1. Could you tell me whether R77 is part of a helix (DSSP H, G or I), at pLDDT below 90 and touching a helix residue (DSSP H, G or I) at 6+ places or on another chain (Cβ under 8 Å)?
2. Being in contact with a helix residue (DSSP H, G or I) (Cβ under 7 Å, 6 or more places away or on another chain) and either modelled with pLDDT under 95 or open to solvent by 70 Å² or more (accessible area, probe 1.4 Å) (or both) is the filter here, so list the residues in the range 122-135 that pass it.
3. Mind listing just one residue for me: the one in the range 19-48 that is without any contact (Cβ under 8 Å) to a residue 60 or more places away in the chain and not in a helix (DSSP H, G or I) and, of those, most open to solvent (accessible area, probe 1.4 Å)?
4. Residues in the range 4-17: is at least one over 30 Å from M116 (Cα atoms), within 13 Å of the chain's Cα centre (by Cα), at pLDDT 90 or above and open to solvent by 10 Å² or more (accessible area, probe 1.4 Å)?
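The values are calculated or read from the model by the stated rules, or taken from the named source; none is laboratory data. Because the structure is a prediction, the values reported are computed rather than measured. Cβ coordinates were reconstructed from backbone atoms using ideal geometry, including for glycine residues, and neighbour counts include every protein chain displayed. Protein only, heavy atoms only, side chains kept; ligands, DNA and RNA dropped before computing areas. Shrake-Rupley method; radii C 1.70, N 1.55, O 1.52, S 1.80 Å.
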Amino acid sequence: MADRTERAVINHLIEVCRDAERGFRLAAEQVRTEEVKRLFLRLAEQRHAFAEELLPHAYRLGGPSVPEGMGFASLHRSWMQIRARLASNPEHAVLEEAVRGERFALSAYDDAVQEMLPPETRELVEVQDLGVRVAGRLVAGMAER
C-alpha cells in the first residue's frame, strides 16, 4: 500500500471489513455445526463493528469512498459456495476458504499499520489488527480439527 493516502488506507480497510462480513455470513449459511456457525456469525458482527468504527476516521479524512465490495471478494464467496457443494467434507472446505479470507484481511491490516496514519486512527487500526489475528487463529484452529 505504499504511497497511498490516509483516506485510501482507511477506505480499503472498511471495504475489507464489509467483504469479510458478507463472507462470514455466507460461510455461516454453508455449515451445519452450530459452534462453527456461531463463530462465523460472531466474526461477521465483529467486521461490521470494525467498519463502523473506521467510518468516523474516514469522514475526518474526507469521507468514505467505499464501493459495494471488491470483485475478487465476490469471486471468493462464489468459490466458497462451489467448494461447499462439491467437497466430501463441505464444512472443512468452507473453513479452509475462511482461513484464506482471513489471510487477506490480515495482510490488509498489516499494510495499513505500516502507513502514516493519525495517532487515534493508528491506535484503532492496531486494535482491529489484533482482532483479525485472533479471528484468524480461531478459524484456523477450527479448520485443523
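1. yes
2. Listed by number, the residues that qualify are E126, R133.
3. Result: R32.
4. no
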